[in-house]
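Student: First the structure, then my questions, so here it is.
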Amino acid sequence: MVEPDEARRFYARLMAAQARSADPRIEEVFASVPREAFLGPGPWTVFAGEGRFETPSADPTYIYQNVLVVLDADKGINNGEPLLHAMWLGKVEPKPGEAVTHIGAGTGYYTALLARLVEPGGSVTAFEIEADLAARAKANLAAYDNVEIVQADAVANPLPPSDIIYVNAGVVAPPAAWLGALTPGGRMIFPWRPSETVGLAVLLTRLENGFACRPFMGSWFIPCVGASAIEPGAKIPTRERAARTRSIWLREDKAPDRTATAVFGDVWFSSRTIRADNTR
């Protein structure tokens, strides 16, 4: 019989391999944080492919696989695929001492991984709009001294200055206030959902002369309250145009031009490449 710790260590090794990161701490945090502690009592309902299954028992070895685990079936809220998050962590590269804002924390599993990756000296401010999930996250993360749970709408409330903003809800565009909360050199990773047929994960970096970004994989999350409605006059991209996006601009800094791949309110997306050395 496979013991839970053994299953978790093997799962961690697989996640780290898929993250394609040189940071050995990614494997360490997946191995050290017990996923079952954030899911409520088993057995659990999981999604794999197009299927929905209940685990045969509350044995946690069943959830050390790349499966979504249902948190709130009525609202379609799940604990997301570990493989996706491993790849995101590898892209966003959390470092000790950094300040992270996690939007859409759920019950706190991926918040816990972020908190471990920014130790020592770093912190995580985790927003969760659903009161019951926020309460569960607060209880689950009680032992994490560097985590603050905020039960609030991250669109309607100000974010703290952030080296990383890690978004787990689909947005048509990151709100301007989120872009403003990023520190110089800060990174934001978010699910871009500019239409019902386009869903891409995007890594954004704040440079001196703008916000460089690159879509890097398909990604589907539930919509983010307050940042998922498409206003009249928006320029909605095809998937091909969305994939060509290389920068994001605030309309107050620069008006949309012929390079615009998408325009949503005061934020627009461009195929223009910007680099840290100020060349374009």
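Values quoted throughout were computed directly from the atomic coordinates according to the rules given, and no laboratory measurement underlies them. Computed from a predicted structure; not experimentally measured. Here Cβ is always computed from backbone atoms with ideal geometry, including for glycine, and neighbour counts include all displayed protein chains.
Student: Note the direction-averaged projected area, equal to a quarter of the hull surface, for the Cα convex hull of region 139-280, in nm².
Tutor: For region 139-280, the mean projected area of the Cα convex hull comes to 9.2 nm².
Student: If neighbour count is taken as other Cβ atoms inside 10 Å, put K75, K95 in order from fewest to most.
Tutor: K75, K95
Student: May I ask you to sort T197, T107 by Cβ crowding, counting other Cβ atoms within 10 Å and putting the fewest first? Please list the in-between numbers first.
Tutor: Numbers: T197 9, T107 28.
By the 10 Å Cβ count, ascending: T197, T107.
Student: Going by average Cβ density within 10 Å per residue, which order do the peptides 48-54, 134-140 take, highest to lowest?
Tutor: Final packing ranking: 134-140, 48-54.
Student: So, one more: Please compute the net charge surrounding V171, taking Lys and Arg as +1 and Asp and Glu as -1 over other residues with Cβ under 15 Å from its Cβ.
Tutor: Working: positive: R193; negative: D153, E196, E231, D266.
Its environment carries a net charge of -3.
Student: Can you check what the net charge comes to around R35, using other residues whose Cβ is under 13 Å from the Cβ of R35 (Lys, Arg +1; Asp, Glu -1)?
Tutor: Numbers: positive: R8, R9; negative: D5, E36, D59, E81.
Charge balance near R35 sits at -2.
Student: Counting DSSP beta bridges with both partners in the chain, what percentage is antiparallel, nearest 5? Kindly include the intermediate steps, with their values, before the conclusion.
Tutor: Numbers: 35 of 54 bridges.
Of those bridges, close to 65 percent are antiparallel.
Student: If you place +1 on the Cβ of every Lys and Arg and -1 on the Cβ of every Asp and Glu, how big does the dipole about the Cα centre of region 1-101 come out, in debye to the nearest 20?
Tutor: Charge dipole of region 1-101: 280 debye, to the nearest 20.
Student: Moving to a separate point now. If contacts are Cα pairs under 8 angstrom and at least 6 residues apart, what is the relative contact order of region 127-208 in percent?
Tutor: Relative contact order here is 23 percent.
Student: Another one. Sorting check: for 17-30, 227-240, which peptide has the highest mean count of neighbouring beta carbons within 10 Å, and how do the rest follow?
Tutor: On the way: 17-30: 16.7, 227-240: 14.0.
Listed from highest to lowest mean packing, they are 17-30, 227-240.
Student: What lysines sit close enough to K138 to cross-link, taking a C-alpha to C-alpha distance under 24 Å and skipping anything fewer than 8 places away on the same chain?
Tutor: Qualifying lysines at Cα under 24 Å: K75, K95.
Student: Looking only at region 33-51, which residues have a backbone nitrogen under 18 Å from a spot 7 Å from the Cα of A73 in the C-beta direction?
Tutor: Once the point is set 7 Å along Cα→Cβ of A73, 39-51 turn out to lie under 18 Å by backbone N, inside region 33-51.
Student: Under 4 °C and 1.567 mPa s, how fast does region 56-103 diffuse according to Stokes-Einstein, given a Kirkwood radius computed over C-alpha pairs? Answer in µm²/s, whole number.
Tutor: Translational diffusion coefficient: 99 µm²/s.
Student: Kindly give the semi-axes, whole Å and largest first, of the ellipsoid equivalent to region 96-137, taking each as the square root of 5 times a Cα gyration tensor eigenvalue.
Tutor: 20, 9, 6
Student: Continuing with the same structure: Where does the chain land at 222 nm, in deg cm²/dmol rounded to the nearest 500, when only DSSP H runs of n ≥ 4 count, each adding -39500 (n - 2.57), divided by all residues? Write out the running numbers ahead of the final one.
Tutor: On the way: 7 runs with 65 residues, N = 280.
When only DSSP H runs of four or more count, the value is -6500 deg cm²/dmol.
Student: For the chain, count all C-alpha to C-alpha pairs, find those more than 23 Å apart, and express that count as a whole percent of the total. The partial results should precede the final answer.
Tutor: Values: 20601 of 39060 pairs.
It works out to 53 percent of all Cα pairs.
Student: Determine, at each q value in 0.12, 0.19, 0.20 (inverse angstroms), the log₁₀ of I(q)/I(0) that the Debye formula gives when each Cα of region 10-158 is one equal point scatterer.
Tutor: Each listed q maps to, in turn, -0.48, -1.22, -1.34.
Student: At 20 °C and a viscosity of 1.002 mPa s, what translational diffusion coefficient does Stokes-Einstein give for region 28-97, taking Rh as the Kirkwood radius over Cα pairs? Give it in µm²/s as a whole number.
Tutor: In µm²/s, the coefficient rounds to 163.
Student: Taking the alpha-carbon set of region 208-280, what are its Rg and Dmax in Å?
Tutor: My reading of the Cα-based Rg and Dmax gives 12.7, 37 Å.
Student: Hey, any idea what Rg/Rh is for region 110-195, computing Rh the Kirkwood way over Cα pairs? Please list the in-between numbers first.
Tutor: On the way: Rg = 13.0 Å, Rh = 13.7 Å.
Rg/Rh for region 110-195 comes to 0.95.
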